[in-house]
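Single-structure report; data block below.
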Amino acid sequence: MMQERFIDRQYQYQPADISVSQVQYLDLAYMTGNRHGLDIFLPNDKNERFPVVVDIYGGGLWLGAKRSFKLNPALRFLEAGFAIVSIDYSLIWQAPFPTQIYEVKAALRWLRANGDNYHLDVDKIALMGESSGAHLAVLAGVSASVDALEARDFGIAPEASEQVKAIIAMYGPYQFDQFVPQFKASGIQPKYAETGTDVSFEGQLFGGKAPSTVPELVQKYNPMTYFSPQMPPILGMAGTADQVVPYQQTQVMIAAATEQIGTRAEICLVQNASHGIYDFMDEAHTKLKLAFLKKYM
């Protein structure tokens, strides 16, 4: 029996446990149009301003929703006094890349323009993403430092800052033409047989073309292209048994970040961890992420 392709999967929504948040503002529009909503979760109802973690879910840019179970790791930060913002964005079959980067930046500008109304400390915003959401978080966060991939007429408050204080990137893809050789080097059999081809989830980023055939776009959509000494501190996390995105993607990305910002780039490789939130949301890894955020926010 032929293995199911990633892009043929049927999405089954599983909700996050948002009951852990005392104060919630749901389905706020950060700009007009479909899939341009965000949710804000506050740790309590005190009249104070909370540092913000903007969480970006993964799903190959092909599926996902802002209140799905993938939000659960971020919601654990509520106890530490962080506000959590979860955003929706256009899926790749709805709008071509890099529309999603413009949407993330539009959401950041909306937060800067409106955050005071929701008890947010808009001077302390971090991005966190998992899988393809990690790619969005890193690419949006570092390109803002060098004024690249800009579309300030996309959304509101074109003058507002898109800069963030820190980035947490969990098992994300960054070098889209390196999946096949990296899996081969580590002896890991990819979960999806179409990996590296035009019908792979990474191929959809390039309009249904194999990444190896579009080197100029691979470079353009690689966050490392925009790394600079001004980029935010970054924590990269990956599992050594990941069969969806090679863990070497995180290793190479953090090595490149270290060349620019030294010890403000950190890495956590989780032995025998696979792709998905569950190996990265236990108490130890939650504390690790919180320590990183508190250091820079």
Residue under evaluation Arg152, criteria (1) open to solvent by 10 Å² or more (accessible area, probe 1.4 Å); (2) touching a His at 6+ places or on another chain (Cβ under 8 Å), criterion not met: (2)
Per-region count, segment 54-64, residues open to solvent by 10 Å² or more (accessible area, probe 1.4 Å) and either of a type in the set (Ser, Thr, Tyr) or free of Cβ contacts under 8 Å to residues at least 12 places away in the same chain (or both): 0
Does segment 191-213 hold any residues that are among the polar types (S, T, N, Q) and either in a loop (DSSP other than H, G, I, E, B) or open to solvent by 70 Å² or more (accessible area, probe 1.4 Å) (or both), and which are they? Thr195, Thr197, Ser200, Ser212, Thr213
Working only within segment 132-151, note down all residues that are of a type outside the set (Ser, Thr, Tyr), in contact (Cβ under 8 Å) with a residue 12 or more places away in the chain and over 21 Å from Gln204 (Cβ atoms). Gly141, Val142, Ala144, Val146, Ala148, Glu150
Kindly indicate which of Leu217, Leu205, Leu288 is farther than 13 Å from Tyr174 by Cα and of a type outside the set (Asp, Glu). Leu288
Just a yes or no: is a residue in segment 145-155 assigned to a helix (DSSP H, G or I) and not β-branched (Val, Ile, Thr)? yes
When you check Arg9 against the structure, is it basic (Lys, Arg) and under 27 Å from Asp121 (Cβ atoms), yes or no? no
Report whether or not Pro51 is at pLDDT 95 or above and either open to solvent by less than 10 Å² (accessible area, probe 1.4 Å) or closer than 23 Å to Ala140 by Cβ (or both). yes
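Yes/no matrix, rows are residues, columns are (1) of a type in the set (A, V, I, L, M, F, W, C); (2) out of contact with any Pro (no Cβ under 7 Å at 6 or more places or on another chain); (3) assigned to a loop (DSSP other than H, G, I, E, B):
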position	(1), (2), (3)
Met231	yes, yes, yes
Leu235	yes, yes, no
Gln243	no, no, yes
Thr250	no, yes, no
Ala255	yes, yes, no
Gln260	no, no, no
Thr263	no, yes, no
Ala273	yes, yes, yes
Tyr278	no, yes, no
Only residues that are touching a Leu at 6+ places or on another chain (Cβ under 9 Å), surrounded by fewer than 18 Cβ atoms within 10 Å (Cβ to Cβ) and closer than 12 Å to Glu103 by Cβ: list them for segment 30-47, please. Arg35
Give the number of residues within segment 266-297 that are of a type in the set (Phe, Trp, Tyr) and surrounded by fewer than 17 Cβ atoms within 10 Å (Cβ to Cβ). 2
Out of segment 21-32, which residues are free of Cβ contacts under 8 Å to residues at least 12 places away in the same chain and either at positive phi or touching a strand residue (DSSP E or B) at 6+ places or on another chain (Cβ under 9 Å) (or both)? Ala29
Can you tell me which residue within segment 65-85, out of those that are touching a residue at least 60 places away in the same chain (Cβ under 8 Å), open to solvent by less than 20 Å² (accessible area, probe 1.4 Å) and in contact with a Phe, Trp or Tyr (Cβ under 9 Å, 6 or more places away or on another chain), is nearest to Phe292 (Cα to Cα)? Phe82
So the check is Cβ under 6 Å with 6+ separation or different chains; which pairs have a first residue in segment 35-48 that's more than 16 Å from Phe77 (Cβ to Cβ) and a second one that's buried (at least 19 other Cβ atoms within 10 Å of the Cβ) and among the charged types (D, E, K, R)? Arg35/Asp88; Gly37/Asp88
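Yes or no, residue by residue, for (1) at pLDDT 95 or above; (2) β-branched (Val, Ile, Thr); (3) in a strand (DSSP E or B); (4) open to solvent by 10 Å² or more (accessible area, probe 1.4 Å):
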| position | (1), (2), (3), (4) |
| --- | --- |
| Tyr102 | yes, no, no, yes |
| Lys105 | yes, no, no, no |
| Leu108 | yes, no, no, no |
| Leu127 | yes, no, yes, no |
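The values are calculated or read from the model by the stated rules, or taken from the named source; none is laboratory data. These numbers were taken from a predicted model, which means no experiment stands behind them. For neighbour counting, all protein chains shown are included, and Cβ atoms are generated from backbone atoms with ideal geometry for every residue, glycine included. Please note that ligands, DNA and RNA were not included when accessible areas were found on the heavy atoms of the full protein model with its side chains. Shrake-Rupley method; radii C 1.70, N 1.55, O 1.52, S 1.80 Å.
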